[in-house]
1. Of all residues in segment 147-166, count the ones that are of a type outside the set (Lys, Arg) and part of a loop (DSSP other than H, G, I, E, B).
2. ASP144 versus (1) modelled with pLDDT of 95 or more; (2) part of a helix (DSSP H, G or I); (3) not aromatic (Phe, Trp, Tyr): which is the lone unmet condition?
3. Being among the polar types (S, T, N, Q), surrounded by fewer than 18 Cβ atoms within 10 Å (Cβ to Cβ) and more than 16 Å from the chain's Cα centre (by Cα): is that true of ASN123 here?
4. If you go through segment 48-64 one residue at a time, how many are of a type outside the set (A, V, I, L, M, F, W, C), within 8 Å of LEU76 (Cβ to Cβ) and surrounded by 14 or more Cβ atoms within 10 Å (Cβ to Cβ)?
Amino acid sequence: MIRFCIALLRISPLFLVLLLPSAKTFACSCESYGTPRKDAKEYYTKKFDGAIFNGTVASIKHDPAYDEGGITFSELTINVNQYWLGVNSPTIVLLVPGPNTSCWFDWKIGQEALFIASKYEGNLQLAICDLANWKPSNSEANLDEYTTGLLGKPKSFPKPPKPKSERD
């Protein structure tokens, strides 16, 4: 058997990769960047199961309960500023890749961003490759302008009235 493996290694160095035990990994790569779907409007309005919105990070929770074999997720609580699809509450909890993963982004409380999230096992999870390919890389429009051009005018939730003490 050893002679057979050595012979295979001489023929194909990839054989060694096949012999090594595999572990769950989370690589942050997409097939392309800045290359939107050709059917984007139809896909996102008719087939996409998720949410597209602009919001402000209100809290960040690195929750070990989302540790899945080395793939760690963090929870962002986001106050929705405006939305195009899939939002029914002014506050959303979104799972994002956690610290020490290749796709981790150093989120800050108060940070505003456009979020594209897919539903996965009942949770909203940041759709990294959808976001990476959301608008053409040669487009000069910002993300909100591009999203409005693609999906129409965004909606927003009514702002709660200020307490009486703040109105005076």
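The values are calculated or read from the model by the stated rules, or taken from the named source; none is laboratory data. For clarity, every value in this text was computed on a predicted model and none was experimentally measured. When we count neighbours, we look across all protein chains shown, and the Cβ atoms used for this are built from the backbone with ideal geometry, even at glycine.
1. Counting residues in segment 147-166 that are of a type outside the set (Lys, Arg) and part of a loop (DSSP other than H, G, I, E, B) gives 8.
2. If we test ASP144 against (1) modelled with pLDDT of 95 or more; (2) part of a helix (DSSP H, G or I); (3) not aromatic (Phe, Trp, Tyr), just (1) comes out false.
3. No, not satisfied.
4. Selection size over segment 48-64: 0.
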